[in-house]
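Input: a single structure, listed below in structure tokens.
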Amino acid sequence: FLFGSAHVLKQPLFLQACELAFTGCGSDGNHDISEQEFGGSILLAIPNLNEDEIHELFLLFDTDSHGSISKNNFNTCLRKNPLLIALFSPQLLRLDFPSRS
């Protein structure tokens, strides 16, 4: 697990993936992600999550307990738990990443 987490963090596109995942979650343009927006994004990857499970994941990302997820909260959580980027894979798969030469 630790080796896998360290490997993900070292990937050149990890920070770009975090940025794109954050942008993809927020739909109202207020620079924060509400629990409803977060849940909608997570359900694309894990459609059978219930409200309690979504809430627990939301609390993991809401590191300052303000009731919304700021970009800083989002990135902090993903740096601590880089494998959670997989929760946003449906959004990321629809995007074009630049190819590495």
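Residue by residue through the range 67-85, note down the ones that are surrounded by 15 or more Cβ atoms within 10 Å (Cβ to Cβ) and not β-branched (Val, Ile, Thr).
SER68, SER70, LYS71, ASN73, PHE74, ASN75, CYS77, LEU78, PRO82, LEU84
If I go through the range 52-66 residue by residue, how many of them are open to solvent by 50 Å² or more (accessible area, probe 1.4 Å) and within 14 Å of SER34 (Cβ to Cβ)?
Number satisfying all stated conditions: 3.
Could you tell me how many of the residues in the range 13-51 are of a type in the set (D, E, K, R), assigned to a helix (DSSP H, G or I) and either more than 14 Å from GLN91 (Cβ to Cβ) or open to solvent by less than 40 Å² (accessible area, probe 1.4 Å) (or both)?
Of the residues in that region, 3 qualify.
The values are calculated or read from the model by the stated rules, or taken from the named source; none is laboratory data. If you're wondering where the values come from, they're calculated on a predicted model, not measured in any experiment. We place every Cβ from the backbone using ideal geometry, glycine too, and count neighbours over all the protein chains shown. When the accessible area is computed, the model is the full protein with side chains, heavy atoms only, and any ligands, DNA or RNA have been set aside. Shrake-Rupley method; radii C 1.70, N 1.55, O 1.52, S 1.80 Å.
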